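The values are calculated or read from the model by the stated rules, or taken from the named source; none is laboratory data. Computed from a predicted model, the values in this text were never measured in an experiment. Methodologically, a virtual Cβ is constructed for each residue, glycine included, from the backbone with ideal geometry; neighbour enumeration extends over all protein chains shown.
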Amino acid sequence: MKKLVGITLICLLAISSAHASRQWDDFGSHVTAKNVRAFTKDLGGLIGSGTYTTGRILGWGGFQIGPRAGMIFKMSQGLGDTEAERNQTALGDRDEVGSVFSPWLQADIGMPFRIDGFIRASSYEGLTIAGGGLRWGVTRPSEILGSLQPMLVVAAHSASAQDFSATHYNASLVLSMKFKYFVPYIGGGVDYTTLNIGNGIGPQAIDLRGSREHTTTARATAGFNFKLPSYLDLSLAANYAYYGLGAEASLSFRF
């Protein structure tokens, strides 16, 4: 199983790194003092998505692995006196940038005391993310239809791109309900993100070189987890954070 996890991770990262666009490399040319805070909040919301796609803990001996993805439909506006100025995000014009997408591979394992552990990694369009966390079932999970499962989730990540790096911490409270073939869930949490700005950014933001930006932002999620044949698990969810509407999804093998 360890070899399977390793091979799958290497393949995913190799394919992702081969993508030609490298959208996150545009940060150095477009970041300014007026859009860096909105960018940091957006980055934190994107990294923090998808940490509880199961809606419930796996339970002792459970194991899950598969691709996940998060998406921001449109980045947040920055500060400015005109609409055109506010639309200039740290990755470029808000309308031209459009949606921002991040895939990753995640592996989860059920442990004693109603605790799940998970690790995740991603490398896509010039942004590399790695991290993991823990989920804890506040009450003992039940297979009775209609039963509720409250769950606490904590996670930590590091991210790096050409002209910035970031650390991210998240804590969430989740509530799910058990049905025969699917589990609906809702959750709310807080993302705390520190953005470290490199010295290679353009002349439009000389004062930001080597500086840090700290942000805290709330994020809410509502979704469904479906049990499919052949040990497959499908999760679809919408989330709402500083950037407005976003989405997340996962398809994984669950044992």
Considering only the stretch 204-241, how many residues are closer than 17 Å to Ile186 by Cα and crowded, with 20+ Cβ neighbours inside 10 Å?
8
Within the stretch 155-197, which residues are among the acidic types (Asp, Glu) and surrounded by fewer than 21 Cβ atoms within 10 Å (Cβ to Cβ)?
none
In the stretch 41-86, which residues are of a type in the set (S, T, N, Q), more than 27 Å from Thr139 (Cα to Cα) and touching a Gly at 6+ places or on another chain (Cβ under 8 Å)?
Ser76
When every residue in the stretch 192-237 that is touching an Asp or Glu at 6+ places or on another chain (Cβ under 9 Å) and among the β-branched types (Val, Ile, Thr) is compared, the one farthest from Phe182 (Cα to Cα) is Ile201
Yes or no: the stretch 193-211 includes at least one residue that is among the hydrophobic types (A, V, I, L, M, F, W, C) and assigned to a strand (DSSP E or B).
yes
Taking first residues from the stretch 22-40 that are more than 16 Å from Ser211 (Cβ to Cβ) and second residues anywhere that are in a helix (DSSP H, G or I) and modelled with pLDDT of 95 or more, the pairs with Cβ under 7 Å that are 6 or more apart or on different chains are none
Just for the stretch 85-120: of the residues that are aliphatic (A, V, I, L, M) and within 16 Å of Arg56 (Cβ to Cβ), which one is farthest from the chain's Cα centre (by Cα)?
Met111
Whichever residue in the stretch 95-129 is under 25 Å from Leu208 (Cβ atoms) and out of contact with any helix residue (DSSP H, G or I) (no Cβ under 8 Å at 6 or more places or on another chain) and, among such residues, is surrounded by the most Cβ atoms within 10 Å (Cβ to Cβ):
Thr128
Unique match (being modelled with pLDDT of 85 or more, farther than 28 Å from Ile186 by Cβ, of a type in the set (A, V, I, L, M) and part of a helix (DSSP H, G or I)) among Ala38, Ala84, Ala14:
Ala84
Check the stretch 66-76 and report whether any residue there is assigned to a loop (DSSP other than H, G, I, E, B), surrounded by fewer than 17 Cβ atoms within 10 Å (Cβ to Cβ) and not aliphatic (A, V, I, L, M).
yes
